[in-house]
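Everything below concerns the one structure shown next.
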Amino acid sequence: MLPIISGGHSTYQATFISDFLAFYPHPSLLSKQTWTTIIEFWHLDLSSTDTFMQNYYSKFGPAPRNPSFMLRSYLLSIKLKVTSITVWVSMLKECPLYAILSGFPVNDTPGIGTFYDFFDRLWLSDSNKRKIFETKSQKGQKTR
């Protein structure tokens, strides 16, 4: 199924506010560094990612994660210097702020395979396109 375009960046911001206040009723207790990251991702409009990537999803099967949320989540992991997708998926489940900043419902974060499927689509590297770039050496010939 194609990703559901949920109303763009303004919808992300509205959902962020309601979810954030539900989990963090006293936001003034958060550190200055945390607020810097929140503000940075609040203004990060990735809504065009949804439209751009729509052709790389099938019309069949379950509804995929919103591509802008997946990209925002990956960028957040880079910002926080988390280099392992396995560790990042665990952090999304353990820290509600990371899920909320990414755009996911706190109790419904993506798994490891979902991130790798997204990366394949993002980098347009499905199995058919990989074969174009692979080179096979002929039997008995040396490769450099």
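Annotations
- The Cα atoms of the stretch 35-117 give a gyration tensor whose axes a ≥ b ≥ c have a/c of 1.5 or more with a/b no greater than b/c, which makes the shape oblate.
- For the stretch 1-87, size of Cβ-based charge dipole, Lys and Arg +1, Asp and Glu -1, in debye: 200
- Positive minus negative residues near Phe69 (Lys, Arg vs Asp, Glu; Cβ under 13 Å): -2
- Annotation: amide H of Tyr24 has no partner in the under-5 Å range at sequence separation 5 or more or interchain, hydrogens built in the peptide plane.
- Rounded to the nearest Hz, the phi-derived 3J(HN,Hα) couplings of the stretch 49-65 under the Karplus curve 6.51 cos²θ - 1.76 cosθ + 1.60 (θ = phi - 60°) are 4, 4, 5, 4, 8, 4, 6, 9, 10, 6, 7, 10, x, x, 5, x, 5, where x marks glycine and proline.
- Rounded FRET efficiency, nearest 0.05, which uses the C-beta distance separating Asp117 from Ile78 and R0 of 25 Å: 0.85
Here, each number is a calculation from the coordinates, and none is a lab measurement. Since the structure is predicted, the reported quantities are computational estimates derived from the model, not experimental observations. Using ideal geometry, Cβ is built from the backbone for each residue, glycine included, and neighbour counts are taken over all protein chains shown.
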